[in-house]
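See below for the structure under consideration.
No lab work stands behind these numbers, since they all come straight from the coordinates. Worth saying up front: this structure is predicted, and the values here are computed from it rather than measured. Note that we place each Cβ from the backbone using ideal geometry, even for glycine, and neighbour counts take in every protein chain shown.
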Amino acid sequence: MKKILFTLIFITITNFTNVYAEERENKLKNLFELLRDADTSGIANQVEMEIWGIWTTHPYEENLTKLLTKGSILMAENKLYEAYDVFSTVIELDPVWAEGWNKRATVLYLLGRYQESQNDIEEVLKLEKRHFGALAGQGLVQKELKNYSKAIQSYKEVQEIYPSMKAPKIMIPLLEKLAKNEFI
């Protein structure tokens with residue numbers, strides 16, 4: 001009897017999680033279409049905030065959302081090593097939640113550990129290829145690593161996903177200038 005009850009609970013949880021994941025992905029798909037087609041930066045900013053709201057909310061574990069928030073607060077307070085530990089815990093608990101990787105990549109960038117940051121960004125992009133935050137972060141990391149062509153490519157990918165984002169418009173010309181000066 002216990003085995004049957006456990007099986008029924010497991011199937012119910014799995015089905016709920018799958019349905020929720022599908023709804024979440026459909027909502028993200030619609031938001032990314034809106035983001036791409038937004039004709040004003042005000043609309044784009046609103047859509048961006050909705051996307052971040054989804055990304056920073058764990059799909060089914062509220063405690064991981066709280067832990068991510070705690071790490072973000074520590075990062076904002078410049079307690080980077082503590083934030084790093086919190087985000088590492090998030091990753092250990094759910095290695096397929098892209099936002100844990102993204103937040104840790106940000107901390108690593110702030111610590112000047114650029115290659116490690118890039119490694120985490122690659123994990124983010126494996127899980128969420130549309131992650132414009134990680135792509136923009138990759139642009140910054142690659143700039144620090146003096147890999148200007150890769151940085152430019154990252155920002156061009158951001159522009160495809162989020163055409164009205166300001167960072168690519170500022171960074172691409174700067175990076176092109178840096179790349180040109182490197183060959184002089």
- Under 27 Å Cα to Cα from residue 126, which lysines show up? Leave out anything in the same chain fewer than 8 places away. 27, 29, 66, 70, 103, 143, 146, 150, 156, 166, 169
- Please report Rg over Rh for the chain, where both radii come from the alpha carbon positions and Rh follows the Kirkwood definition. 1.05
- Message: Can you return the aspartates and glutamates within cross-link range of residue 180? Criterion is Cα-Cα under 19 Å, with same-chain partners fewer than 8 residues away left out.
- Response: 144
- Message: Quick check: residue separation of residue 45 and residue 77 times 0.36 nm, minus the Cα distance between them. What number comes out in nm?
- Response: 9.1 nm
- Bin width 5 Å, alpha-carbon pairs only: give the P(r) of region 47-142 as whole percents, running from 0 to the bin holding the largest distance. 3, 16, 26, 27, 21, 6, 1
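For Cα pairs less than 8 Å apart in space and 6+ apart in sequence, what is the mean separation divided by the residue count of the chain, i.e. the relative contact order in percent? Intermediate values should be presented prior to the final figure.
On the way: 180 pairs, mean separation 26.8, N = 184.
Reported as a whole number, the value is 15 percent.
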- Any idea which of 175, 56, 105 is furthest toward the positive side of the dipole for the chain, if Lys and Arg beta-carbons carry +1 and Asp and Glu beta-carbons -1? 175
- Reduced to Cα centres, the span from region 139-161 to region 68-120 in Å works out to 20 Å
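Roughly how big is the chain's charge dipole about its Cα centre, with Cβ charges of +1 (Lys, Arg) and -1 (Asp, Glu), in debye to the nearest 20?
Numbers: 23 positive and 26 negative charges, 55 e Å.
Dipole size: approximately 260 debye.
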- Item | Projected area averaged over orientations for region 88-161, convex hull of C-alpha atoms, nm² | 4.2 nm²
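Just from its helices, what would the mean residue ellipticity at 222 nm be for the chain, if runs of 4 or more DSSP H residues each count -39500 (n - 2.57) and the sum is divided by every residue, rounded to the nearest 500 deg cm²/dmol? Working shown, then result.
Details: 9 runs with 151 residues, N = 184.
Value at 222 nm, helices only, nearest 500: -27500 deg cm²/dmol.
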- Task: Pull out the extension gain between residue 174 and residue 36, defined as 0.36 nm times the separation in residues minus the alpha carbon to alpha carbon distance; nm, one decimal.
- Result: 47.3 nm
